[in-house]
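**Q** Quick one: this structure, given as structure tokens, is what I'll be asking you about.
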Amino acid sequence: MIHYLRRAIVGGASVGAILAPVGVMAQEVPGEDNESIIVTAARTQQNIRDIPASVEIVTEDDLAASPGMLLTDVLKKNASVDVIEYPGGQSGLGLRGFRPEFSGVNQRVLTLVNGRPSGAPSVGSVASAGLARVEVLKGSASAIYGPSAMGGVINFITRESRGDISGRAMIGYGSYDTLHVEGSVGGALSDRFDFDLAARHYKQNDDFKLGKGGHTYDGFVQGHGVERPNTAFEQNSFYGRMAFRFAEDWRIQGHLMVYDSPITQTPGAETDGVGNQGDRIESTISGDIGITGKIGSHDLTALYYRAVDEGDLIRKTPGVPPYLTSDRKTRFQGVQVQDNWAVTDGVNLIVGADWGLIKNESGAYNTDGSRRGAYTPNFERESLGIFADATAHLFEDRLVVNIGGRYDWIEATVLPTPLRDDLTPGSSKFGTFNPRAGIVFHPLPNGPLRIHASAGTGFVVPEASDVAGLTEQIVGGQTRISRGNPDLKPEKSESYDIGIGYEGKHFGADVTYFLLNVKDRISTIITTNTSDLRVTTYENAFGSKSEGLEVSMRFDPIGLLTGQSSALSADLSFTHFFTREEELATGLSTLRNVAKTRANFGLGYDDGVRMLRIGGRYVEGVQDNDFSVARYFTNGAGGLYEYDSFAVFDLSGSWKLNKSHMVSFKMDNITDKYYYEKGDYPLSGRRFMASYTFSF
């Protein structure tokens with residue numbers, strides 16, 4: 001079934017429907033506040049007032065003004081997300097109680113670029129040049145996006161310039177001999193042709209220093225301003241877009257995004273000292289080409305995309321010359337087709353299909369450079385999903401009702417892998433259906449108050465080796481067999497939320513209660529265990545639950561008192577979990593790397609010429625397993641421990657000298673705090689950068 005439908009979709013696209021999804025570009029919408037238009041929630045443009053789900057927006061101004069070395073640093077300061085972050089940028093973001101993941105293709109939070117898969121296993125390796133905004137959709141969304149959208153969706157939306165040609169160039173220099181250079185240009189060359197180009201270079205030449213307030217372990221001083229060895233890095237990114245309008249309502253458009261890190265030094269865990277250092281080399285290249293068009297009341301869309309992500313890890317073991325210990329190449333390709341049909345003035349129906357193919361190859365190597373197989377077997381995953389989503393505006397737009405669903409066919413295959421003689425390849429097929437529904441009610445016509453609720457399901461595809469293939473090894477005289485389970489079902493999540501929002505001239509707020517349950521979690525079980533033989537397989541067992549409250553708020557303090565708008569603004573986003581637990585064989589346990597409480601807050605002044613903002617991030621109650629040397633964090637006992645709570649503050653400011661020239665500064669971690677987003681991997685202390693920008 002999947003092969004016939006795939007041929008139909010790919011064949012149709014090749015004839016002329018290689019189309020980019022309508023609404024996933026950051027374009028101006030006539031008659032609307034562009035920052036209020038969201039595209040991620042339904043794969044088409046919607047006003048945020050009419051969206052039943054919880055959405056956070058990180059604007060282009062936020063991306064430009066927020067202190068931080070990397071994209072992850074900016075996102076964690078502007079969106080209420082959980083984070084795992086290592087020095088150098090390898091990182092993952094978590095939503096609604098899912099542990100952040102920073103590698104692999106089966107993550108529980110889906111990462112997109114303009115509505116299609118990003119091709120980047122880590123948020124830190126998404127190309128940051130040319131970004132216009134980031135939309136964070138919370139709650140299970142597999143009903144519209146398919147695999148991995150269990151906790152939510154993070155959609156990176158790129159710049160689309162259609163007016164007069166304009167651009168800017170920026171150069172900055174800061175702490176630890178850091179150089180930051182970027183530039184962009186874009187606009188319309190004619191009424192038919194427009195483009196964007198952007199590039200970014202960021203290089204930290206010196207090792208950073210830790211903040212104050214660390215600890216001492218076995219004579220090794222942590223924190224207190226000491227240098228963290230092996231933490232220099234370089235990152236480059238490029239963005240290109242070209243579009244041509246060849247008919248009144250038809251455009252063809254292509255994107256290219258490149259991320260390249262020729263070296264990222266990795267210090268290893270702090271309690272390892274210098275015993276586990278290495279270098280990462282990583283690149284991600286992705287592109288797409290498509291057409292958008294309109295026939296009557298139908299907005300027809302589709303997209304063909306490709307992406308390749310490659311990564312090498314070089315180990316620096318003391319006493320041994322540096323050597324390549326592992327490499328990986330992951331290829332993505334796919335087609336998206338969609339019809340956005342305005343059935344009546346108040347009813348809209350979206351139908352479409354997605355086909356995707358992922359292929360992963362990896363290798364492991366000895367110190368002399370010889371290959372020794374691979375840590376994970378080579379695999380590929382083919383998927384096909386068909387979806388429908390309807391939205392109705394009733395009672396003069398006071399009531400908005402949304403309902404939709406999607407069915408996905410998945411085929412996972414374990415491929416032959418060099419030097420893995422213990423591996424027998426195999427494949428498995430399964431299908432899954434995911435629905436969603438939502439409602440928004442405006443008590444007063446065009447009033448500031450809104451009540452919203454949504455429900456939906458999500459799923460994640462089992463690893464190919466979990467459902468297919470067979471491995472057999474002999475360890476210490478015991479034969480160990482691991483069997484894939486072809487009857488394994490995907491992990492499923494059920495997400496529910498209800499909230500109330502207010503959007504006034506000087507004050508806006510939203511309070512949302514959420515509940516997310518996960519069932520059919522994939523676990524390893526032992527079916528036979530004797531002195532001669534151990535047999536394991538995989539089963540759907542156990543589950544997890546997260547329940548909490550999300551609060552967002554922004555206001556003009558002066559405007560609230562006087563009724564007149566001012567240049568002063570304040571904002572707050574806050575998430576608190578009442579429950580965050582998972583079932584284990586030993587009983588209930590706290591979800592790892594999910595903060596009990598986290599908050600972002602800021603106070604700013606912006607009169608159009610001068611800008612000054614102080615912001616902060618507070619994290620409390622993160623728990624994790626202690627894998628440090630000698631189990632340092634648990635006094636040798638090992639097991640679960642809780643991170644120290646922390647608050648990190650930053651400061652940024654700028655002064656527009658005139659229309660073309662601007663100077664600015666950013667200070668991250670202004671109190672020089674010793675902290676970490678992953679235990680035993682502390683991040684930089686105070687750092688400063690000054691920059692100059694020329695706009696034209």
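Derivation of every value follows stated rules applied to the coordinates shown; laboratory data play no part. The structure displayed is predicted, hence computed values, not measured ones. Note: ideal-geometry Cβ built from the backbone for every residue, glycine included; neighbour counts use all protein chains shown.
**Q** Classify region 34-94 as rounded, prolate or oblate, taking a ≥ b ≥ c as the square roots of the eigenvalues of its Cα gyration tensor: rounded when a/c is under 1.5, otherwise prolate if a/b is larger than b/c and oblate if not.
**A** prolate
**Q** Over its Cα atoms, what ratio of radius of gyration to 2.2 N^0.38 Å does region 277-371 give?
**A** Taking the Cα Rg and dividing by 2.2 N^0.38 Å, one obtains 1.80.
**Q** How much space per residue, in cubic angstrom, does the convex hull of the C-alpha atoms of region 545-665 take up?
**A** Per-residue hull volume (Cα only) is 155 Å³.
**Q** Next question. If you average 1/r over every pair of different alpha-carbon atoms in region 615-679 and take one over that average, what Kirkwood value in Å do you get?
**A** After inverting the mean inverse Cα-Cα distance, the result is 14.7 Å.
**Q** Can you give me the long-range amide H partners of L415? Hydrogens built in the peptide plane at 1.01 Å from N, cutoff under 5 Å, separation of 5 or more residues or another chain.
**A** N378, F379, E380
**Q** Post the alpha-carbon centroid distance, region 75-112 to region 578-593, in whole angstrom.
**A** Between the Cα centres of region 75-112 and region 578-593 lies a distance of 19 Å.
**Q** Would you report the distance distribution of C-alpha pairs in region 323-390 as whole percents per 10 angstrom bin, up to the bin with the largest distance?
**A** Final binned percentages: 18, 26, 19, 15, 12, 7, 2.
**Q** For the chain, what is one quarter of the convex hull surface built on the Cα atoms, given in nm²?
**A** With the hull built on Cα positions only, its mean projection is 30.8 nm².
**Q** Taking all pairs of distinct Cα atoms, average 1/r, flip it, and tell me the Kirkwood hydrodynamic radius of region 76-138 in Å to one decimal place.
**A** 12.2
**Q** Dipole size in debye (nearest 20) for region 35-187 around its Cα centre, Lys and Arg Cβ +1, Asp and Glu Cβ -1?
**A** Approximately 460 debye in magnitude.
**Q** Is there a pair in K519/K545; K76/K673; K76/K596; K138/K359; K77/K138; K203/K316 whose C-alpha atoms are over 19 Å apart, and which pairs would that be?
**A** The answer is K138/K359; K203/K316.
**Q** Let me ask another. Give the Debye-formula value of log10 I(q)/I(0) at each listed q (0.19, 0.23, 0.29 Å⁻¹), with one equal scatterer per alpha carbon of region 641-696, two decimals each.
**A** Ignoring solvent entirely, the Cα scatterers give -0.71, -0.86, -1.10.
**Q** While we're here: One-quarter of the Cα convex hull surface for region 28-152, in nm²?
**A** Computed as one quarter of the Cα hull surface, the answer is 7.5 nm².
**Q** In whole Å, how far is the Cα centre of region 429-482 from that of region 163-207?
**A** Here the two parts' Cα centres lie 38 Å apart.
**Q** Using helices alone, what [θ] at 222 nm do you get for the chain, with -39,500 (n - 2.57) per DSSP H run of 4 or more residues, divided over all residues and rounded to the nearest 500?
**A** -1500 deg cm²/dmol
**Q** Something else now. Let me know the shape class of region 476-596, please: from the alpha-carbon gyration tensor, a ≥ b ≥ c as square roots of the eigenvalues, rounded when a/c is under 1.5, otherwise prolate if a/b is greater than b/c, or oblate.
**A** In terms of gyration-tensor shape, prolate.
**Q** What is the dipole size for region 371-415, taken about its Cα centre, with +1 at each Lys and Arg Cβ and -1 at each Asp and Glu Cβ, in debye to the nearest 20?
**A** 420
**Q** Explain nothing, just the number: relative contact order of region 104-152, from Cα pairs under 8 Å at least 6 residues apart, as a whole percent.
**A** For region 104-152, the relative contact order is 46 percent.
**Q** Which translational diffusion coefficient, to the nearest whole µm²/s, is obtained for region 155-264 from the Stokes-Einstein equation, given a Kirkwood hydrodynamic radius over C-alpha pairs, 20 °C and 1.002 mPa s?
**A** 125
**Q** Okay, moving on. Across bins of 10 angstrom width beginning at 0, how are the C-alpha pair distances of region 343-484 distributed, in whole percent?
**A** All Cα pairs considered, the percentages come to 10, 25, 21, 15, 13, 10, 5, 1.
**Q** Now, a different point. Please report, in whole Å³, the volume per residue of the convex hull around the C-alpha atoms of region 191-320.
**A** Taking only Cα atoms, region 191-320 has a hull volume of 163 Å³ per residue.
**Q** Please state the charge dipole magnitude for region 448-582, taken about the Cα centre, from unit charges on C-beta atoms (+1 on K and R, -1 on D and E), reported in debye and rounded to the nearest 20.
**A** Its charge dipole is roughly 20 debye.
**Q** Remind me, relative contact order of the chain in percent, using alpha carbon pairs under 8 angstrom and six or more residues apart?
**A** 12
**Q** Going by a ≥ b ≥ c, the root eigenvalues of the Cα gyration tensor, does region 81-215 fall in the rounded group (a/c under 1.5), the prolate group (a/b larger than b/c) or the oblate group?
**A** oblate
**Q** Oh, and also: Taking the dipole about the Cα centre of the chain, with the C-beta of Lys and Arg at +1 and of Asp and Glu at -1, give me whichever of N485, G172, S684 is farthest to the positive side.
**A** Value computed over the given set: N485.
**Q** Let me ask something else. How big is region 138-198 by the Kirkwood estimate over distinct Cα pairs, in Å?
**A** After inverting the mean inverse Cα-Cα distance, the result is 15.1 Å.
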